[in-house]
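Report on one structure; see the data block that follows.
The values are calculated or read from the model by the stated rules, or taken from the named source; none is laboratory data. Predicted, not measured: the structure shown is a model, and the values here were computed from it. In this analysis, Cβ positions are derived from the backbone assuming ideal geometry, glycine residues included, and neighbour counts consider all displayed protein chains.
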């Protein structure tokens, strides 16, 4: 088994960004959707590259399937930590942490929704008790994305789309 994950995936994300697939409208101008970019980069980093290696084929391990949920992204981006000033403010830390987590979850959930609308991720299965949702990264060309999805569905025992 290899520890190499996400390097090719990350290159694909940067190509998408270069081609404007991670841009959003702000008034009459276009700007980078930085939350969506950071979320997709994290997801790409934490998923196996395509095509699958031999050990993945033998063990039926999907490529480009993200299952770590919103919290992994939020923590990696420092969205849930309190600043020094907040810690010194005398306010209830638990209340502030809960508010930070809610804001982070909302921002990342919005990024997931935006990425899905752009056709860059697809939920293969929903969140259930004790299990995060499974999001497939659709960061290749259309033919490659079809192969990645078919492989993931075979690995997970899901019906083919």
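List of remarks:
- Number of the condition not met by residue 64 [criteria: (1) farther than 15 Å from residue 120 by Cβ; (2) modelled with pLDDT of 95 or more; (3) touching a helix residue (DSSP H, G or I) at 6+ places or on another chain (Cβ under 8 Å)]: (1)
- Single residue of segment 111-139 satisfying the filter (within 11 Å of the chain's Cα centre (by Cα) and part of a strand (DSSP E or B)) that is surrounded by the fewest Cβ atoms within 10 Å (Cβ to Cβ): 123
- Residue 27 meets each of the listed conditions (1) at pLDDT below 95; (2) in contact with a strand residue (DSSP E or B) (Cβ under 9 Å, 6 or more places away or on another chain); (3) at positive phi apart from (2).
- Scanning segment 140-161 for residues that are out of contact with any strand residue (DSSP E or B) (no Cβ under 7 Å at 6 or more places or on another chain), in a loop (DSSP other than H, G, I, E, B) and without any contact (Cβ under 8 Å) to a residue 40 or more places away in the chain yields 141, 157, 159, 160, 161.
- Residue match in segment 78-91 (condition: in contact (Cβ under 8 Å) with a residue 24 or more places away in the chain and surrounded by 12 or more Cβ atoms within 10 Å (Cβ to Cβ)): yes
- The lone exception for residue 102 - which of (1) surrounded by fewer than 12 Cβ atoms within 10 Å (Cβ to Cβ); (2) out of contact with any helix residue (DSSP H, G or I) (no Cβ under 6 Å at 6 or more places or on another chain); (3) not in a helix (DSSP H, G or I) it fails: (3)
- Every test in (1) surrounded by fewer than 17 Cβ atoms within 10 Å (Cβ to Cβ); (2) without any contact (Cβ under 8 Å) to a residue 60 or more places away in the chain; (3) assigned to a helix (DSSP H, G or I) is passed by residue 56 save one, and that test is (1).
- Residue within segment 39-48 that is touching a helix residue (DSSP H, G or I) at 6+ places or on another chain (Cβ under 8 Å), assigned to a loop (DSSP other than H, G, I, E, B) and surrounded by fewer than 19 Cβ atoms within 10 Å (Cβ to Cβ) present: yes
- Residue 41 being within 15 Å of the chain's Cα centre (by Cα), within 29 Å of residue 18 (Cα to Cα) and free of Cβ contacts under 8 Å to residues at least 40 places away in the same chain: yes
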